[in-house]
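A short worksheet on the structure shown next.
What follows is calculated from the coordinates using simple rules that are stated; it is not laboratory data. Quick caveat, the model's predicted, so the values are computed rather than measured. Don't worry about glycine lacking a Cβ; one is built from the backbone with ideal geometry, like all the others, and counts go over all protein chains shown.
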Amino acid sequence: MNNNFQRDIDLGLSAQNKTLPSKYFYDEIGDALFVEIMKMPEYYLTKAEFDIFKNKSQELIKVLKLNPSTFFELVELGAGDGTKTKQLLKALDDQNYNFEYMPIDISKNALKHLKASVNAELPTVRITPKQGDYFNVLADLKQSEHPIVVLFLGSNIGNLPDERAKEFIQKLSDNLKVGDRVLLGVDLIKSESIVLPAYNDAQGITKRFNLNLLTRINKELDANFDLNSFTHQPEYIEQEGIARSFLVSTKDQTVAIRSLNKTFTFAKNEKIQTETSRKYNDYIMKGILGESSLKIIDRLTDSQNLFADYILEN
Ligand code: AVI
């Protein structure tokens, strides 16, 4: 990880338009800050998707065309704490659906906590966590003859640039059998007055989340970023449906990254893009599905129409 981290930071800060990859937000501190972000009143995404899972679990089961007597694998990519998924697990379990829940995550620790909480709250649900890369695990599952339903929630796909999201979908489709289904949760395109505050909460948690990237570089790559000389700046262009987060240098400055043996200069007001959070509609979704075999069969939205769970079939 550290070598990739070093290489990616070097590449991003050496570019004409500086960038830092958002996947590096998630160290232990970043994970904890993201949990806090999800509780912020402005961050509607998690609450809206929870609303779908809590109040429309029956409809979800129906549109996923699940058959109570046919065993299926319910695979979740990047499961987190499973708060939303547990609503669906409970509904399936209450109606005696025959399934196994397989959360896949890179973090052993996250899986350990998830397994413990599912065992405690839903003791009759069969859970088999799989640690590792999504696609390696899916490639293994493809060997089984059981139907698969993949959950990929939280608009996590929105953090990939469109071309990467398209590649991801193609790969996902290649790793599934004909007829397997995907529940893909995405944030919907909406006005700036709702989206921007979600990335700029009044308590400043998102700001700390963004700046934590610099703390991480300071710690792990022996750098000397002055956190007081960069500010958090989110932007949103509704016509595109893309929110972007930046760190902006508040003065002309030079930063040394000793493990790279390099210095980087930042002009006053120069921006480092740290994240892309794409929002969707049917047209954008169809573009992302591209030439893959995944087709939209339905979508469910929350009561305020902020967020959508698309049901795709391979
Ligand atoms: C994880 N991901 C979908 C979040 C988002 O909304 O793009 C990450 C996030 N960044 C700032 N706030 C939340």
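Just a few scattered comments:
- Failed item, numbered, when Val182 is tested on (1) over 19 Å from Arg258 (Cα atoms); (2) buried (at least 18 other Cβ atoms within 10 Å of the Cβ); (3) in contact (Cβ under 8 Å) with a residue 60 or more places away in the chain; (4) within 16 Å of the ligand (Cβ to nearest atom): (4)
- Top-ranked residue of the stretch 175-206 - restricted to ones that are in a loop (DSSP other than H, G, I, E, B) and aliphatic (A, V, I, L, M), ranked as nearest to Asn136 (Cα to Cα): Leu176
- Qualifying residue in the stretch 84-104 (condition: surrounded by fewer than 21 Cβ atoms within 10 Å (Cβ to Cβ), within 29 Å of Asp201 (Cβ to Cβ), touching a residue at least 12 places away in the same chain (Cβ under 8 Å) and among the acidic types (Asp, Glu)): no
- Test: Ile205 is within 16 Å of the ligand (Cβ to nearest atom) and touching a Phe, Trp or Tyr at 6+ places or on another chain (Cβ under 8 Å): no
- Neighbours by Cβ (under 7 Å, 6+ apart or cross-chain): first from the stretch 54-66, under 14 Å from Asp298 (Cα atoms); second buried (at least 18 other Cβ atoms within 10 Å of the Cβ) and of a type in the set (Lys, Arg): Leu64/Arg181
- Residues that are assigned to a helix (DSSP H, G or I), touching a Ser or Thr at 6+ places or on another chain (Cβ under 8 Å) and under 29 Å from Arg164 (Cα atoms) do not occur anywhere in the stretch 54-61.
- Yes/no for Phe209 being assigned to a helix (DSSP H, G or I) and crowded, with 18+ Cβ neighbours inside 10 Å: yes
- Each residue in the stretch 166-179 was checked for being crowded, with 19+ Cβ neighbours inside 10 Å and more than 30 Å from Leu11 (Cα to Cα), and 3 of them qualify.
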